[in-house]
1. Compute the helix-to-body angle for 115-128: its Cα long axis versus the longest principal axis of the chain, expressed 0 to 90° and rounded to tens.
2. May I ask for log10 I(q)/I(0) of the chain at q = 0.13 Å⁻¹, from a Debye sum over the Cα atoms as equal point scatterers with solvent left out?
3. Between helix 145-157 and the chain, what is the angle of the helix's C-alpha long axis to the longest principal axis, kept within 0 to 90° and rounded to the nearest 10?
4. Over the range 8-239, give the accessible area per residue in Å² for a 1.4 Å probe, as an integer.
5. Ignoring ligands, DNA and RNA, what percent of the 1.4 Å accessible area of the range 115-218 is carbon and sulfur?
6. Within the range 146-162, list the residues whose amide N lies under 14 Å from a label point set 7 Å along Cα→Cβ of E117.
7. Pick from R131, R113, R121 the residue whose mean-square fluctuation is largest in a GNM of the chain, springs joining Cα atoms under 10 Å.
8. Please report, in debye to the nearest 20, how large the charge dipole of the range 8-239 is about its Cα centre when each Lys and Arg carries +1 at its beta carbon and each Asp and Glu carries -1 there.
Amino acid sequence: MIETHAKPVLIVDDLRVAYGSVAALHGVSLEVHAGETVALIGANGAGKSTTLRAISGLLKARSGTIVWQGRPIHNLAPDRIVAAGVAHCPEERHVWPHMTVEENIRLGAYLCRSREEIRRRLALAFERFPRLRERAGQFAGTLSGGEQQMLAIARALMSEPALLMLDEPSLGLSPRIADEVFEVVRAINAHGVTVLLVEQNIHNALSIASRAYVIETGRITAARPSAELRGDPALLRAYLGGAPAAA
Ligand code: ATP
């Protein structure tokens, strides 16, 4: 692990998760420091989404611990984990097609009781995503894939998280639109939000993350600075079982 400017805010230790009797994670350990963007990369089915789902409380750990800002969260319900400052933007995006863009964004503030505070956060979201402001009254189902991804991110930010977990934000997007999404992620991180990013697009993931963990069949097999991984395609191929090193 490279030296970072801050102590870990998220510590996942020996995490084991199963779907019924089928084990998916066999002891995943990773750390994320305050202010970092960290990528979790690996081939299809390696356990990336499962790791994020366990951190956000959607899946229960069989064993192991997840400590967020010094507090164990692996036994907390998902809404408590959101309240503690962890937001999860899932791979499926879960945009509600027959609700407007604004209604979708507001859903992200479901734990906030103050109307004034919700208005403030919404104004911030529209400032950050002007295209969503232009389409505020439009049904979310009419948005392009890239706009829906922006919407999913805007909604996740409505809980004002300290950690944003993004699962495959570039999935199904053209390279140009994917670049826009990654620019947004970079800007969010620059505003002090720590980011844990799952991506199949390794080139993009390594370009915005300072460090990366490689996961293979439910196990972390490497933890390297992104620059080191980027500079060694053969190493990447070895870790990722032939997955493309760049896209
Ligand atoms: P992908 O990029 O394809 O989403 P991933 O690295 O995110 O891959 P996971 O989705 O975490 O991988 O899957 C890890 C393992 O758990 C795989 O073997 C997968 O088949 C299995 N798995 C995932 N979701 C379920 C589920 N709902 N029920 C049963 N098994 C599952």
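1. That works out to roughly 70 degrees.
2. -0.79
3. Taking Cα atoms only, the helix is inclined about 90 degrees.
4. Values: 10200 Å² over 232 residues.
Accessible surface, normalised per residue, equals 44 Å².
5. Numbers: 2190 of 4270 Å².
C and S fraction of accessible area: 51 percent.
6. Within reach of a label on E117, which here means backbone N under 14 Å from a point 7 Å along Cα→Cβ, the range 146-162 contributes 158-162.
7. R113
8. On the way: 26 positive and 24 negative charges, 81 e Å.
I would put it at about 400 debye.
The values are calculated or read from the model by the stated rules, or taken from the named source; none is laboratory data. Just so it is clear, the model here is predicted, and its values are computed rather than measured. So basically every Cβ, Gly included, is an ideal-geometry build from the backbone, and we count neighbours across all protein chains shown. We work out accessible area using only protein heavy atoms, side chains counted, and drop any ligands, DNA or RNA first. Shrake-Rupley method; radii C 1.70, N 1.55, O 1.52, S 1.80 Å.
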